[in-house]
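This report concerns only the one structure given below.
The values are calculated or read from the model by the stated rules, or taken from the named source; none is laboratory data. Given the structure is predicted, the values throughout are model-derived calculations rather than measurements. Reconstructed Cβ throughout: ideal geometry from the backbone, glycine too, with neighbour counts over all protein chains shown.
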Amino acid sequence: MTSRRFPLTAGICALAALFTAAAQSPHDQEDQQLDQQLARIIAAHHGTVAVYARNLRTGQAASFQPDLAVQTASVIKLGVLLDAAEQIRANHATLDEKLVLTKANQVQGSGVLGELTVPLALTLRDTLTLMVILSDNTATNMAIDRLGLAHINSSLQAAGLRQTVLYKKVYVPAEGPMPADQPRFGLGKTTARESASIMERFATCSLGLDKSAALLPWDGPLCGAILRMLRNQQDRNGIPRYIESFDTSEHGSAIGNKTGALDQVRNDVAIIATKEGPVVLAAFTWGNVDQRWNGDNEAEQTIGKLAQVIVKRWSPSGLDATTICWDDPLAKPCPAPSDTSH
């Protein structure tokens, strides 16, 4: 895929027009000044970008190509989390049930489970945690086996995510007839808006797939368990890069996120606790010229710059982890945060 770089002046104007023309949720209030700032960053990037951001307190939004189908890489693991929540709510699964790691599910790539001695028993909670914080591919395959690929996709459709699909397990050939676009997207596809909506569900604890289902007594703690996983994300090179610099393993992050990466792809989707309220941000980049697997990768920096200007625009005084009830989003007032150092 070729990269796209716009001449700066003409590019910013063209990009700004696309921002403004992007379809918005009825509750969105397009922030055109922020659109201009994001356009400058996108115009300078040696690759292609899709982004969607929304302030959950004010309804302010900014976006570029938010409804374009994009390659997810490991961001599709958010869809696995959503289905896990659905099955737990329906009493078809529990976080504490035991799964057994076998040799057949050990695959290469990110994570640690592929290197461990089998058989090994893990709870579903531990499996999902490794899938998120280390993007562990073996843990992901264990979760897919437990939940069912068809059920995961059924939950995504029921949640109104028409362009979000998990095609297969990680590093395992696709089984059965595949949609014609599967070779193009690989593991999965989504859009910036749809992936942000999954993160918003977790942050607001709106787990009912049709959003009209009654709250269940265990919804709050279940959302808290998911947010804890996202908040302990180990990859800090994208959205957190310029907006949070302390040791989050000791102090607790103000960001919960899930990343995804391939040679020409860098993605990050997050819930950010700012002093002015929670912000969801989904940033996808592809066709990137810079394919280095280190912290200097241009796409990682571009995502970090997008997050930085969004936070500066909507919350000039920065982040505040306490604006999100991480342990139970439904609790009022928020309980004291639990220890996140382990």
Exercise. Quick one: would you say A283 is outside any strand (DSSP E or B), hydrophobic (A, V, I, L, M, F, W, C) and on the phi < 0 side of the Ramachandran plot?
Worked result: no
Seminar exercise, completed: Flagged in segment 244-299 as crowded, with 19+ Cβ neighbours inside 10 Å and hydroxyl-bearing (S, T, Y), in numbering order, are T248, S253, T259, T274, T285
Exercise. Is there any pair linking a residue in segment 223-235 that is over 16 Å from T127 (Cβ atoms) to one that is part of a loop (DSSP other than H, G, I, E, B) and of a type in the set (D, E), with Cβ under 8 Å and at least six apart or on different chains, and which?
Worked result: C223/D328; G224/D327; G224/D328; L227/D327
For this session: Just need a number here: residues in segment 49-92 that are out of contact with any helix residue (DSSP H, G or I) (no Cβ under 9 Å at 6 or more places or on another chain) and closer than 17 Å to Q264 by Cβ.
Result: 1
Exercise. If N232 passes every condition in (1) within 15 Å of the chain's Cα centre (by Cα); (2) within 18 Å of S195 (Cα to Cα); (3) surrounded by fewer than 23 Cβ atoms within 10 Å (Cβ to Cβ) but one, which one does it miss?
Worked result: (2)
For this session: Please enumerate the residues belonging to segment 54-68 that are under 11 Å from L281 (Cα atoms) and of a type in the set (S, T, N, Q).
Result: N55, S63
Exercise. Any chance segment 84-107 includes a residue that's within 30 Å of I42 (Cα to Cα), within 22 Å of the chain's Cα centre (by Cα) and not acidic (D, E)?
Worked result: no
Exercise. Looking at (1) aromatic (F, W, Y); (2) in contact (Cβ under 8 Å) with a residue 60 or more places away in the chain; (3) not assigned by TED's automatic domain parsing to the domain that holds R125, can you tell me which one F246 breaks?
Worked result: (2)
Problem set entry | Only one of A180, A150, A174 that is more than 19 Å from the chain's Cα centre (by Cα) and either closer than 28 Å to F64 by Cα or among the aromatic types (F, W, Y) (or both) | A180
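Results for (1) basic (K, R); (2) closer than 16 Å to G256 by Cβ, shown as yes or no for each residue.
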residue	(1), (2)
A283	no, yes
N297	no, no
C325	no, yes
D328	no, yes
K332	yes, no
Seminar exercise, completed: Filtering segment 281-301 for residues that are touching a strand residue (DSSP E or B) at 6+ places or on another chain (Cβ under 6 Å) and of a type in the set (V, I, T) leaves a count of 1
Exercise. Which residue, of S195, S212, is modelled with pLDDT under 95, outside the structural domain of L81 (by TED's automatic domain parsing) and either of a type in the set (G, A, S) or closer than 24 Å to T58 by Cβ (or both)?
Worked result: S212
Problem set entry | Residues (small (G, A, S) and within 17 Å of the chain's Cα centre (by Cα)) located in segment 118-138 | S135
For this session: Considering each of N232, N137 in turn, give the residue that is closer than 21 Å to N257 by Cα, among the polar types (S, T, N, Q) and in contact with a Phe, Trp or Tyr (Cβ under 7 Å, 6 or more places away or on another chain).
Result: N137
Problem set entry | Set T123, T58, T48: member being among the polar types (S, T, N, Q), touching a residue at least 12 places away in the same chain (Cβ under 8 Å) and over 30 Å from Q301 (Cβ atoms) | T123
For this session: Filter segment 216-270 down to the residues that are hydrophobic (A, V, I, L, M, F, W, C) and part of a loop (DSSP other than H, G, I, E, B), then identify the one that is nearest to K312 (Cα to Cα).
Result: I243
